[in-house]
Amino acid sequence: MAFWSQYSTLFRSERFGCFLYNAMSNCLLELDQAHYDYLRQLENNPGHAEEGIGDAFFELLREKHVLVEEEENEKLLMIKQYQRNCNCYGQQNLSLTICPTLACNFDCSYCFENSQHDTTVMSDETIDNLMKFITERAGSGKVSLIWYGGEPTLAFDAIETVTRRIFDDGPELESAQLVSNGFLLDKKNPDLFNDLKISNIQITLDGPQAMHDRRRKLLNGGTTYDRIIRNIDRLMDSSYNGSCDIRVNIDKRNMDFFIPLREQISDRYPKKKISVHASKLKTTQPWGLSESEWITYCIKLYYDHGILTKSMFYPHSNETGLCVAHFNNMYVIGPSGELYKCWEDVGIPEMTIGNVNSKSPITKHHIQAQYTIATDQYAHEECKACSFLPICSEICPKTWLDARKNSVNKHDAYCTHYKTHLSECMDVFYDIYLTAETGKKLLNKPVTPLEAYGYRIIQSSRDGLSDQAQ
Ligand code: SF4
Ligand code: SF4
């Protein structure tokens, strides 16, 4: 006999009706009232399954692990854990975040780095050893780079030297991205970004001019908005063939300024490869948004303005790692060749895991292990008992470790937001689905309505939308 899985959730949305979500298969079904009522009974009385409601529906419930055999979930979880470990510890392509300097010409009010005045720039000797590190670690694979800092454009010569040496005698450079405050971009010919294979430049603007200038000043107190905008103008009018991504760090003080900025940018650069995205500022200050406030804000951005926030409205299956901290072949490298496993560790000596200038570059394996093994939810009893484990995939490893170290309310600090906001997020997802469905109808593409079978699959996997009706 099959049992109701602990990973299956029935819920009724005020806006959209009845749904069933299964976290193990990451599948969302829309139900009519009869199917919903049937499943409510089934949830509380497994024997009810025998009465049936149609073989096809019953088979679907089995296929999507809504109903499971004994020990089926344990096996499925083990597979997910195995896949996660393969992904994290396998020798995937090398991915490096390189800080050619930690110096910065800005003094942002919320910066977590305290190294603006450290003027060290990556030396030729460190670049030589970095090249050895890259060649050894990449093996026959490729390398991708993110240029980070400090402000990386303050050490652009090092960016150029490393990239050209990779072209000359390193592995294939798959992609490069530049994370910059945007102030000094006019010092370089935009063609150079193409030459260095920089296909995306991320620039932070924290709102329209007055708001931005209040938060992101020069070290000498000068304003920065005007010059950054002029530099983006120049970039967008140039032969640069990559994209530009404007990041807006959001807290309570500037959350109402995101839309005005976004509108200004889209008016100013029509049909250009430029996007604007909101990012929650990580801070313990009272003006920081709680996770719940952030989700409410993103939902409002969607309903009021049609803006989709990445990784917010539909879960990813928990079969891979999240960031550099989880993956074996990803590192952050500082200007003196020091190696880290997290962007936020940059400049903190006790968080280095080694140095490319040493004969054995990695020496502090325990820090590396801590970021991967100690943050593996599959190894924690409380997570193994949690109904969200199969989709708890977006937890920052550093936040996890800090929360456990400081004994703060761990679950508030790092549990997936679907634990508390599943139906609200699914509402948004379903609304997106309906919009796509309307588009299909307009194009005379086939759409199977709910009424045809009394249930239909809205989403059956982690990527993309599915309207495959049953
Ligand atoms: S551990 Fe967290 S802060 Fe560090 S790189 Fe990963 S996501 Fe970013
Ligand atoms: S971190 Fe929280 S939500 Fe995620 S599996 Fe563990 S207990 Fe569940």
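Projected label points at L308 and E14, each 7 Å from Cα along the beta carbon direction, are separated by 2.6 nanometres. Across region 72-82, computed HN-Hα scalar couplings (Karplus, 6.51 cos²θ - 1.76 cosθ + 1.60, θ = phi - 60°) run 5, 4, 4, 5, 5, 5, 4, 5, 4, 5, 4 Hz from first to last residue, x flagging Gly and Pro.
How large, in percent, is the carbon and sulfur part of the accessible surface of region 327-402 at a probe radius of 1.4 Å?
Of all accessible area on region 327-402, carbon and sulfur atoms account for 59 percent.
The share of accessible area on region 2-132 that comes from carbon and sulfur is 48 percent, using a 1.4 angstrom probe. Rounded, prolate or oblate: which one fits region 367-414, using the alpha carbon gyration tensor with axes a ≥ b ≥ c (rounded when a/c is under 1.5, else prolate when a/b beats b/c, else oblate)? Since a/c reaches 1.5 but b/c is at least a/b, the shape of region 367-414 is classed as oblate. Multiplying the residue separation of E451 and H366 by 0.36 nm and subtracting their alpha-carbon distance yields 24.9 nm.
May I ask you to list the residues of region 1-17 whose amide nitrogen lies under 18 Å from a point 7 Å from Cα along the Cα→beta-carbon direction of K75? So the set is 1-7.
If each Cα of region 1-126 is one equal point scatterer, what is log10 of I(q)/I(0) from the Debye formula at q = 0.14, 0.23 Å⁻¹? Per q value, in the given order, log10 I(q)/I(0) is -0.72, -1.30.
Per residue, the chain exposes an accessible area of 46 Å² to a 1.4 Å probe, with every protein chain left in place. Here the calculated FRET efficiency for T135 and E160, from their Cβ-Cβ distance with R0 = 22 Å, stands at 0.70, rounded to the nearest 0.05. By the rule of a C-alpha distance below 15 Å, with chain neighbours fewer than 8 residues away ignored, the aspartates and glutamates paired with K271 are D233, D237, D245, E263.
Counting Lys and Arg as +1 and Asp and Glu as -1 over every other residue whose Cβ lies under 14 Å from the Cβ of E263, the net charge comes to -1. Only helices enter this figure: runs of n ≥ 4 DSSP H residues, each worth -39500 (n - 2.57), summed and divided by the residues of the chain, yield -11000 deg cm²/dmol at 222 nm to the nearest 500. Of the beta bridges in the chain, as assigned by DSSP with both residues counted there, near 45 percent are antiparallel.
How high is the FRET efficiency between A34 and E381 when r is their beta carbon distance and R₀ equals 45 Å, given to the nearest 0.05? The formula returns an efficiency of 0.70 here.
Enclosing the Cα atoms of region 346-457 in their convex hull gives a volume equal to 209 cubic angstrom per residue. Once the Cβ-Cβ distance of K252 and Q41 is raised to the sixth power relative to R0 = 45 Å, the FRET efficiency obtained is 0.50. I'd like the projected area of the chain, averaged over all directions, using the convex hull of its alpha carbons. Report it in nm² with one decimal. If you wrap the Cα atoms of the chain in a convex hull and average its projections, you get 24.5 nm². Taking label points 7 Å from Cα along the Cα-to-Cβ direction, N406 and R62 give a separation of 5.0 nm.
Which of rounded, prolate or oblate describes region 113-211 when judged by the alpha-carbon gyration tensor and an a/c cut-off of 1.5? Prolate shape, in that a/c is at least 1.5 and a/b is the bigger ratio. Other residues within the sphere of radius under 10 Å centred on the Cβ of R216, judged by their own Cβ, net out at 0 (K and R +1, D and E -1). The Kirkwood hydrodynamic radius of region 157-285, based on inverse pair distances between different Cα atoms, is 15.8 Å.
When every Cα-Cα distance of region 310-383 is counted in 10 angstrom steps from zero, the calculated P(r) takes the values 18, 44, 26, 12, 1 percent. Computed with a 1.4 Å probe over protein heavy atoms only, the accessible area of H277 comes to about 60 Å².
When you filter the GluC sites (Glu not before Pro) in region 193-301 for DSSP loop state and at most 13 other Cβ atoms inside 10 Å of their Cβ, nothing is left. Return the inverse of the average 1/r over all pairs of distinct C-alpha atoms in region 93-364, which is the Kirkwood hydrodynamic radius, in Å to one decimal. The Cα-based Kirkwood calculation yields 19.7 Å. Which lysines does K142 reach when only Cα atoms under 30 Å apart count, and residues fewer than 8 places away in its own chain are ignored? List returned: K80, K132, K187, K188, K197, K272, K273, K310, K341, K359, K364, K398.
The values are calculated or read from the model by the stated rules, or taken from the named source; none is laboratory data. This structure is a prediction, so every number in the text was calculated from the model and none was measured. With ideal geometry, Cβ positions are generated from the backbone for all residues, glycine too; neighbour counts draw on all protein chains shown. Each accessible area value is taken on the protein alone, full model and side chains, heavy atoms only, with ligands, DNA and RNA left out. Shrake-Rupley method; radii C 1.70, N 1.55, O 1.52, S 1.80 Å.
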